[in-house]
Amino acid sequence: MKFVRFALAASTVALMLPAPASAGGFALSEMGAASVGNAHAGGAAAAEDLSTIYFNPAGLTRLSGRQFMVSGSGIRPSATFENRGSFSAAGPLSGGNGGDAGSWAVVPALYYAMDISPDLRFGLGVQVPFGLTTEYDAGWVGRYQALKSDLITVDINPALAYRLSDTVSIGGGVSAQYINVELSRAIDFGSICVGSAGLPTCSAIGFLPQAKDGSATVKGNDWGYGFNLGALFSPDARMRFGIAYRSKVTHELSGSANFTKPAGLPAPIAASPTFANTGARADLDLPDSLSVSGYADLDAKWSVMADVTWMHWSRFKELRIRFDSGAPDSVTPEEWRNTYRVAAAVNYRYNDMWKLRAGLAYDQSPVEGQFRTPRIPDNNRRWLALGAQYKPSRQDTWDFGYAHLFVSDSSINKSEPPVGGTLVGDYNNDVNILSVQYSRAF
C-alpha cells in the first residue's frame, strides 16, 4: 500500500511537469537510466532491472525477491526556427522566430516487484510513455498556427510474469493511462471579414484596418486502457531473446475551448459562436508497438545487445477538435507514417562494483515533410549514449545515463486557411537526456 500511495503521488507530480518528446513523434522511452545508457538497445531482452515491466514483463522472471526502483530523466529538447518568408492573405507575416521552443523537464518512473511463487512474479510500474511540450514567444511569426502545445500521459501498469521452463518465460500486464493536453494559438482578428450573415467572404468589407490578435486555448483530458505482452527465450545462460507488444490506447478527450478577443471588434465577430467559450472534444489513438531484442554475454567482461522497435503511428491521421457550440471543427491533417527504431549497445563489466555502457540508435520520425507542423517540428534522430552502473552493495544499485540526439534539420511550408497563414522556414533541433536511477533489493 505504501508503494501504491507513493506511485499515485508521483503520478500527480508527473502531471505537473512539462514532458518533452525524446523519441520519434511524441513518444518517450526514458523508463530507466540503465536503458538510456544503452540507447534503449536490448530493451525486450536485457531484463536487468525493473524497467522490464514496461519493455517486456516476461523479463521479471530473471529477477527475484522484493525490489523497488525509481528513475528520473532530465530531458532538454531544443527547437529553433528561422523564417523564410511566411505570409498570409494580407501580405508578409510579422514577428520573430519564436525563441527556443524546447525547455528542460523531468520524466519520472517508479517500479515495484515481488515473488508470488518460485515461478510467478508480480510487478507494478508507473511511467510516462508519451509527452510533448513546445512553446514559442508570444509574438513569433507562426503564432497563428501554434503558441503552446503540451501533452503528457501517465501510465499505471501492473504485470505478471511466469517461468514456463528454464528457457521460456511469458508475461503480460494492463495499463490505465491518463492523458492531459493543452493547445493554444493566436487568432489574427485583423484578417477576419465582416458581413450581415456573420463571417462570409472578405469581399463584404475587406480586412480590418490593422491586425488585432486574440488567442484560442483548448484543454482536454481522459483515461484510456490498454495492455502489454511479452516472451523471453534463453537458449543458454549467456544469451536471450525477447519479443514484446504494447497495445494502442484510445482516448476520447473532453475539456474546453477558451478565446480572448481584443477590444473594438465589430459586433458580428465579437458575438460570433465561432469565438465563444465552449466545451471541446477530440479523439486520439496512441500507437501500439512491437519490439524484438537480443542480448549476449561475450565473456565475463563484455556483453552486447540489439533491438528493433516498430510503432504504429499511421493511426494518427488528423487532429480534429469538435466544439459544443456548433462552430466548425478545427482540423489539422497529420497523416503520420509507421516507424522503425534500431539500436545496438555494448556493456563492459569493469569489476563487481562498476559497469560501463554505450549505445547507438537510429529513430525514424513519423512526420513527413509536407505534413510537418510547428507543434511537432520532428525529424529523424540519431542517438549517441553513454552510461555507468555503481553497485555499492548487494542490495543497492545506482545507474546513470546520458544521451545526445542528433535531429536532422527540417523545413516547413505549412498553410492553415483561412486565418493561420502560411509558415515557411527551417528548424534546427537536438535533444539532451540525463538520467539517474536507484534500485533496492529487500
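The values are calculated or read from the model by the stated rules, or taken from the named source; none is laboratory data. A quick note: this is a predicted structure, and the numbers were derived from the prediction, not measured. Positions of Cβ are backbone-derived with ideal geometry, glycine not excepted, and every protein chain shown enters the neighbour counts. Surface areas here come from the heavy atoms of the whole protein model, side chains and all, with no ligands, DNA or RNA. Shrake-Rupley method; radii C 1.70, N 1.55, O 1.52, S 1.80 Å.
Annotations for the structure displayed:
- For Lys391, the aspartates and glutamates whose Cα comes closer than 17 Å to its Cα, not counting residues fewer than 8 places off in the same chain, are Glu48, Asp49, Asp352, Asp399.
- For Lys391, net neighbour charge (Lys/Arg +1, Asp/Glu -1) across residues whose Cβ lies under 12 Å away: -1
- For the set Lys148/Lys317; Lys148/Lys248; Lys317/Lys414; Lys248/Lys317, the pairs lying more than 19 angstrom apart at their alpha carbons are Lys148/Lys317; Lys148/Lys248.
- Take Tyr245: with every protein chain present and a 1.4 Å probe, its accessible area is about 70 Å².
- Within the full protein context, the accessible area of Arg322 is estimated at about 60 Å² for a probe radius of 1.4 Å.
- Dipole moment magnitude, nearest 20 debye, the chain about Cα centre, only Lys, Arg, Asp, Glu C-beta charged: 540 debye
- Degrees separating the helix 2-15 axis from the principal Cα axis of the chain, which is the longest one: 30 degrees
- Near the amide H of Gly25, within less than 5 Å, lie the amide hydrogens of Val367, all on another chain or at least 5 residues away, with H placed in the peptide plane.
- Sorting Val419, Val107, Val181 by accessible area puts them as Val419, Val181, Val107; the probe is 1.4 Å, largest comes first, and only protein heavy atoms count.
- Residue-normalised accessible area of the stretch 247-385, given per residue in Å² at a 1.4 Å probe: 45 Å²
- In the context of the full set of protein chains, the stretch 53-165 has a per residue accessible area of 35 Å² (1.4 Å probe).
- Whichever aspartates and glutamates have a C-alpha closer than 19 Å to that of Lys212, once near sequence neighbours (fewer than 8 apart) are set aside: Asp137, Asp188, Glu416
- Note on the chain: dipole from Cβ charges, positive end direction compared against Pro328, Ser314, Asn413; the farthest Cα belongs to Ser314.
- The largest accessible area among His40, His404 belongs to the first residue in His404, His40, and the rest follow in falling order (1.4 Å probe, all chains).
- Accessible area (Å², 1.4 Å probe, nearest 10) - Ser29: 20 Å²
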